[in-house]
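The values are calculated or read from the model by the stated rules, or taken from the named source; none is laboratory data. Worth saying up front: this structure is predicted, and the values here are computed from it rather than measured. Using ideal geometry, Cβ is built from the backbone for each residue, glycine included, and neighbour counts are taken over all protein chains shown. What goes into the accessible areas is simple: the full protein's heavy atoms, side chains included, and nothing from ligands, DNA or RNA. Shrake-Rupley method; radii C 1.70, N 1.55, O 1.52, S 1.80 Å.
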Amino acid sequence: MAAGAGTLELPFTCDEQLTRRMRLRFQSLQQRNVRAQDGERLLHPNEHIFRVDFIQQHQLRFLRWDVQLERPGKVTVTGTSQLWTPDLTHLMNRQLLEPVGIFWKKPGAEEVLCNEADAQEFGERIAELAQIRKVMYFLLTFTGGLEPAQLKGSIVFKA
């Protein structure tokens, strides 16, 4: 999706199939009364897997995040270094990237706020990872009553 001359806007897309698969993994472990693998990261009910598909991989320079929240609340965006084969591999804590992007909207506010330094560093890291990936997965945590359908988010790059 184009954001303007010389820019490339890539939207976050909720990967419902992968989120569902990861929730089934959690349920399966509970039903069998089995612990997760050492270091395995199981999804909490307020967490969802999103993806960004890189239609261009090279010469991307991070410009900004475009995050809109329909209501007050907070979303934490955590990148993963996972190259997913969900039937074979599980998300491990060591695959979660830092820093994370934290975006929030206060009651009565129009503007979405973030920790700009972390968001900038995170965006630059994503631009680097895009060179070796066609898809990148993210773990999004919604708090304050916020739901995935109330988020519209993308990353904007100079292409």
Relative contact order for the chain using alpha-carbon pairs under 8 Å, separation at least 6, rounded to a whole percent? 38 percent
The computed P(r) of the chain puts the percent of Cα pairs beyond 18 Å at 60 percent
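Taking a ≥ b ≥ c as the square roots of the Cα gyration tensor eigenvalues, with a/c under 1.5 meaning rounded and otherwise prolate when a/b beats b/c, else oblate, which class fits region 1-62?
Values: a/c = 4.43, a/b = 3.00, b/c = 1.47.
Note, shape of region 1-62 comes out prolate.
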Please give the peptides 143-149, 27-33, 108-114 ranked by average Cβ packing (other Cβ atoms within 10 Å per residue), highest first, as a rough proxy for protection. 143-149, 108-114, 27-33
Which aspartates and glutamates have a Cα lying under 17 Å from the Cα of K158, excluding residues fewer than 8 positions away in the same chain? E9, D53, D66, E121, E124, E128
Give me the 1.4 Å probe accessible area per residue for the chain, excluding ligands and nucleic acids, in Å². 57 Å²
Which angle between 0 and 90 degrees, to the nearest 10, do you get for helix 116-130 versus the longest principal axis of the chain when only C-alpha atoms count? 80 degrees
In whole percent, and with a 1.4 Å probe on the protein chains, what portion of the accessible area of region 1-144 is carbon and sulfur? 49 percent
Mind listing the phi-derived Karplus ³J(HN,Hα) values for region 49-57, rounded to whole Hz, using 6.51, -1.76 and 1.60 with θ = phi - 60°, and x for any glycine or proline? 9, 10, 9, 10, 9, 8, 7, 9, 10
Mind ordering 61-74, 35-48 by average Cβ neighbours within 10 Å, highest first? 61-74, 35-48
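Quick one: work out Rg over Rh on the C-alpha atoms of region 60-140, Rh as Kirkwood radius.
Dividing the radius of gyration by the Kirkwood radius yields 1.02.
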Residue by residue through region 13-30, which ³J(HN,Hα) values in whole Hz follow from phi under the Karplus form 6.51 cos²θ - 1.76 cosθ + 1.60 (θ = phi - 60°), with glycine and proline marked x? 10, 5, 8, 5, 5, 5, 4, 4, 4, 5, 5, 5, 4, 4, 4, 4, 5, 5
